[in-house]
Amino acid sequence: MSNTLSPTAKQAKAQRIAQVAWQLFEREAFTDISMAQIARQASVAKGTLFNYYPTKESLFMTLLLTGYQRYFTTLNADLAKGPALTPPELKARLLAETRTLITDHATLVRLNALRGPVLEGHADREQTRQGRQDLYAANLALGQTVAAKVSGLSVATASHLFVSQSAIISGLMNLAGLERFNHTSLATDFPIFQIDLETEACQTFGYYLDGILEEELHANSKRS
């Protein structure tokens, strides 16, 4: 009798593995999680786990890309149901979403901060390419919705707003850890290195939005 799994069964197993990895990352640091631990808690053989994700970095890169894809898709559906927005209203909504991203999607934000310095070194290239292609489509759809809600705003600029939002949050998160080493305090007072992520991310993103929206809408008004 063949032991070959159906596509539905394979998808279910991949989702179970991903759910276990996500739950572990909610409680532990990336470096403290092993593939053996994930396999054991997902009730799969370690060899089977590597058939789905060739490295730990590939697994967590997939979690990152699919997590952001779900976030963009949910936000897109919510914005699509709403009314047209003025630039100040868009700014207020995006800053509210920045707070929501930091507070309600903290695990996703932590994952994103690992992407460049940790995950890309050993993630599977083709798996990452496909995940980013799917994420790009979700980001583009979100940009199209936002551009349709704000007169004079291009799809390209609207889509890129979320890239900048992500970069600001991740950059501040990396700087926020300078008073610690390997999750423990350096026992030295570094007050300037202490960052209130939510407050400073919103402040920085707010300044960016003021500049980019004014530049974009002013340029479009001159062309018209």
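The values are calculated or read from the model by the stated rules, or taken from the named source; none is laboratory data. Note that this is a predicted model, so its numbers are computed, not measured. Neighbour counts run over all protein chains shown; Cβ positions are idealised from the backbone, glycine included. In case anyone asks, the SASA skips ligands and DNA or RNA and just uses the protein heavy atoms, side chains included. Shrake-Rupley method; radii C 1.70, N 1.55, O 1.52, S 1.80 Å.
For (1) under 16 Å from the mean Cα position of the chain (by Cα); (2) open to solvent by 60 Å² or more (accessible area, probe 1.4 Å); (3) aromatic (Phe, Trp, Tyr); (4) under 21 Å from residue 66 (Cα atoms), each residue gets a yes or a no:
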| position | (1), (2), (3), (4) |
| --- | --- |
| 83 | no, yes, no, no |
| 139 | yes, no, no, yes |
| 144 | no, yes, no, yes |
| 155 | no, no, no, no |
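Before we move on, is residue 151 within 30 Å of residue 136 (Cα to Cα) and modelled with pLDDT of 95 or more? Full working, then the answer.
Details: within 30 Å of residue 136 (Cα to Cα): yes; modelled with pLDDT of 95 or more: no.
No: the conditions fail for residue 151.
Looking at the stretch 86-114 only, could you name the residues that are touching a helix residue (DSSP H, G or I) at 6+ places or on another chain (Cβ under 6 Å) and open to solvent by 40 Å² or more (accessible area, probe 1.4 Å)?
87, 91, 99, listed by residue number.
Have a look at 221, 170 and point out the one that is open to solvent by less than 80 Å² (accessible area, probe 1.4 Å) and modelled with pLDDT of 90 or more. Step through it out loud before you land on a result.
Values: 221 fails: modelled with pLDDT of 90 or more.
Unique residue meeting the criteria: 170.
Can you name the residue in the stretch 178-194 that is closer than 22 Å to residue 30 by Cα and surrounded by 13 or more Cβ atoms within 10 Å (Cβ to Cβ) and, of all such residues, is modelled with the highest pLDDT? Step through it out loud before you land on a result.
Initial filter on the stretch 178-194 (closer than 22 Å to residue 30 by Cα): 178-186.
Filter once more, keeping what is surrounded by 13 or more Cβ atoms within 10 Å (Cβ to Cβ): 178-179.
Values: 178: 66, 179: 63.
Per the criteria, the residue is 178.
Is it the case, given these coordinates, that residue 199 is buried (at least 17 other Cβ atoms within 10 Å of the Cβ) and among the hydroxyl-bearing types (Ser, Thr, Tyr)?
Considered against the rule, which asks whether it is buried (at least 17 other Cβ atoms within 10 Å of the Cβ) and among the hydroxyl-bearing types (Ser, Thr, Tyr), residue 199 comes out as no.
So in the stretch 1-32, with the set limited to residues that are β-branched (Val, Ile, Thr) and farther than 16 Å from residue 67 by Cβ, which one is modelled with the highest pLDDT?
31
Looking at residue 58 and the list (1) closer than 18 Å to residue 106 by Cβ; (2) among the hydroxyl-bearing types (Ser, Thr, Tyr); (3) buried (at least 18 other Cβ atoms within 10 Å of the Cβ), which single condition is not satisfied?
With respect to (1) closer than 18 Å to residue 106 by Cβ; (2) among the hydroxyl-bearing types (Ser, Thr, Tyr); (3) buried (at least 18 other Cβ atoms within 10 Å of the Cβ), residue 58 is out only on (1).
With respect to residue 72, is the statement that it is under 12 Å from the mean Cα position of the chain (by Cα), closer than 30 Å to residue 151 by Cβ and among the aromatic types (Phe, Trp, Tyr) true?
Working: under 12 Å from the mean Cα position of the chain (by Cα): yes; closer than 30 Å to residue 151 by Cβ: yes; among the aromatic types (Phe, Trp, Tyr): yes.
Yes.
Within the stretch 125-157, track down each residue that is polar (S, T, N, Q) and part of a helix (DSSP H, G or I).
127, 128, 130, 133, 139, 144, 145, 157
Please go through the stretch 116-172 and give me each residue that is hydroxyl-bearing (Ser, Thr, Tyr) and either under 18 Å from residue 82 (Cβ atoms) or without any contact (Cβ under 8 Å) to a residue 24 or more places away in the chain (or both), ordered by number.
Those that are hydroxyl-bearing (Ser, Thr, Tyr) and either under 18 Å from residue 82 (Cβ atoms) or without any contact (Cβ under 8 Å) to a residue 24 or more places away in the chain (or both): 136, 145, 151, 159.
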